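Notes to accompany the following structure.
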Amino acid sequence: MRLRPRVMAALAALALPLTACGSSDGATDSATEGEVTVIGYAAIFQDKYQKAVIEPFQEKYPNIKVTFRPAQSSAEMLATLRSEKSSPTNDVAIMDTSVAATGNSEGVFEKLDPKAVPNMKDVTAQGRTPGNFGPAVTYDNLVLLYDTKKVKKAPTSWEALWDPAYKGKIAIPAAPDIQGHALAMITCKMEGADYRKSIDPAVKRLSDLSGSVQTWEPQPDSYSLITQGSATMAIGWNARGQVYQDTSKGKLGVAIPDEGSVFQVNTINLTKNSEHPKAAQTFMNYALGKEAQKSFSETMFYAPTNGK
């Protein structure tokens, strides 16, 4: 099933909801000059973001050098930022909103200056963060991934994960990975329960699935396991799934089950005590702008957060 950027924006509305700075060392920092280190997702995200956003930004702002520092997950990013909280080496962080909220409450992140990041006002309502903390920079949703050579008809229900035909050939990133949490939310809904009150029904149902799961920690990731033939079915994010569907020439299939999905938001955040807050916010403003949003959506199929 092909999902292109214009479809992604509409899908976001249908999915289940997942619910003042100063330089510290006197180093050069202005809105048009400085160095910015961005910590974000590794591998394909890094490659695509570098080409679609960072390189065009540096053409526009040649005196701001941007370095992308890869991490495997939002949890890993937060751990890194916590460890260097008093003297951060990262200026900007792109991570899941649920993890970023923890960073906001712990003082890991700084509020943005609306005058320095005017594109914040164009972020759609569901992507705005109270208190001028980092807003949404991408929208995505959870999907079923499958090997089209072995699964001839696209799955229409999350129940496909419990199909004995795929026993031992299923890959699921377990919690604390965000995908594991998302699947638990979906499973709760399937069981007629409210995850905000209790996840016990999901825990029981997912326990029943354990005998069919090949791995709860896919390496290097679920997408690769399917394209390599090691797994037949998995869960993953739509944006990455669409890219792997293209690069695998259709071997990896992407399906959105009839029960719906979970809406996933990545926010872009300014680290507190950043040495380059002005240059960092110039980059953040660009990343939230219409040009960068369009470029990354076309490159990696995330739904844009800029409503213009």
Cβ-based net charge around residue 243, under 11 Å, with every Lys or Arg adding one and every Asp or Glu removing one: 0
Which ordering of 29, 113 is given by a fewest-first count of other beta-carbon atoms within 10 Å? 113, 29
Straight-line reach check, residue 167, cutoff 17 Å on alpha carbons, 8 or more apart in-chain or any other chain, hits among aspartates and glutamates -> 147, 159, 208, 217
Three principal axis lengths of region 140-255 [C-alpha, angstrom, descending]: 42, 29, 25
So what are the ³J(HN,Hα) numbers for region 103-115, from phi and the Karplus equation (6.51, -1.76, 1.60; θ = phi - 60°), rounded to whole Hz, Gly and Pro as x? x, 4, 6, 8, x, 6, 10, 10, 5, 8, 8, x, 6
Here FRET efficiency (C-beta to C-beta, residue 291 to residue 75, R₀ 22 Å, nearest 0.05) is 0.10
If you count the DSSP beta bridges with both ends in the chain, what percent of them are antiparallel, to the nearest 5? 60 percent
Can you put 305, 227 in order, fewest other beta carbons within 10 Å first? 227, 305
Region 50-151 - Kirkwood radius from inverse mean 1/r over Cα pairs (Å): 16.0 Å
Given (i) 50, 43, 40; (ii) 122, 42, 39; (iii) 62, 41, 32, which label gives Cα extents along the principal axes in Å as computed from the coordinates? (iii)
³J(HN,Hα) across region 177-189 via Karplus (A = 6.51, B = -1.76, C = 1.60, θ = phi - 60°), whole Hz, x for Gly/Pro? 4, 4, 5, x, 5, 4, 5, 5, 5, 5, 5, 4, 5
Going down the list 60/121; 111/290; 111/189; 189/251, which pairs span over 25 Å between their C-alpha atoms? 111/189; 189/251
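What ranking of 268, 44 emerges when the number of other C-beta atoms within 10 Å of each C-beta is taken as an exposure proxy, fewest first?
Neighbour counts put them in this order, fewest first: 44, 268.
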At q = 0.20, 0.21 Å⁻¹, what log₁₀ I(q)/I(0) does a Debye calculation on the Cα points of region 51-109 give, no solvent, two decimals? -0.81, -0.86
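All of the numbers you see were taken from the coordinates with simple rules; none came from a lab. The model shown is predicted, which means the values in this text are computed figures rather than measured ones. In this analysis, Cβ positions are derived from the backbone assuming ideal geometry, glycine residues included, and neighbour counts consider all displayed protein chains.
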